[in-house]
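Heads up: the structure comes next, in structure tokens.
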Amino acid sequence: TLVLSACQTQTQTQSLSGSTWSLSLLNGHSLVPGSHIEIQFDRDTLSGFSGCNSYGGSYQAGGDHLLAVDEIASTAMACLTPEGINEQEGEYLQALREAATYLVNSNHLEIKDINENLLLVFIHQKAGSALEIQSLVGSSWQVFNVNGESLIPGSQITMQFIQPGMVRGFGGCRTYQAEF
């Protein structure tokens with residue numbers, strides 16, 4: 001006697017809102033060594049760091065894992081290192097614009113285009129605990145090298161954690177303030 005049973009896996013659309021992801025594959029390729037790309041989803045907006053610049057835009061995620069990314073804006077700095085970072089950043093932002101579907105599988109987020117080509121694979125990033133972040137508030141830091149390179153003699157770069165999620169400092173030429 002042979003008994004056959006069919007199983008149907010039911011998938012649910014997981015909300016992207018409130019999640020942060022780090023890019024691991026771009027159009028099937030690893031990232032430029034020494035680079036990092038990140039995306040954070042809020043209710044209907046997304047933001048992040050694209051390797052050289054910060055970016056933001058709006059998105060819509062719906063049933064059947066549909067995803068539409070609209071109106072991406074980005075700062076316009078050019079980065080000299082690591083080599084290939086500017087090209088990778090352009091490729092990444094273009095891939096976001098082509099997003100049509102998404103799937104959250106365990107701690108991975110996969111984004112595909114309308115033809116089901118895999119564009120982006122992200123790894124979920126867990127937020128640092130409030131205790132860890134709080135312990136940085138009020139501390140000041142001085143940078144001695146960037147990407148393994150010593151600073152220009154006589155220059156100084158600083159960073160101060162002024163409140164949870166906010167830093168400010170001197171970047172060698174100008175002061176800055178940023179969220180993290």
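Some notes on this structure:
- By the helix-only formula, in which each DSSP H run with n ≥ 4 contributes -39500 (n - 2.57) and the sum is divided by residues, the chain has a 222 nm mean residue ellipticity of -3500 deg cm²/dmol.
- The portion of the accessible surface of the chain made up by carbon and sulfur, rounded to a whole percent, is 52 (1.4 Å probe; DNA, RNA and ligands excluded).
- Probing with 1.4 Å while keeping every protein chain in the model, the per residue accessible area of the chain equals 66 Å².
- Inter-probe distance in nm under a simple model that places probes 7 Å from Cα toward Cβ, at residue 43 and residue 77: 3.0
- Residue 42 accessible area, 1.4 Å probe, all protein chains in place, Å² to nearest 10: 60
- The chain, relative contact order [Cα under 8 Å, separation at least 6], %: 16
- Applied to the stretch 101-106, the Karplus parametrisation 6.51 cos²θ - 1.76 cosθ + 1.60 on θ = phi - 60° returns per-residue 3J(HN,Hα) values of 9, 9, 8, 9, 10, 6 Hz, with x for Gly and Pro.
- Here the gap between residue 139 and residue 64, fully extended at 0.36 nm per residue and compared with their Cα-Cα distance, gives a gain of 22.4 nm.
The values are calculated or read from the model by the stated rules, or taken from the named source; none is laboratory data. Note that the structure is predicted; figures quoted are calculated from it, not measured. Because the Cβ atoms are built from the backbone with ideal geometry, glycine has one as well, and the counts that use them run over all protein chains shown. Only protein heavy atoms, including side chains, enter the accessible area calculation; ligands, DNA and RNA are left aside. Shrake-Rupley method; radii C 1.70, N 1.55, O 1.52, S 1.80 Å.
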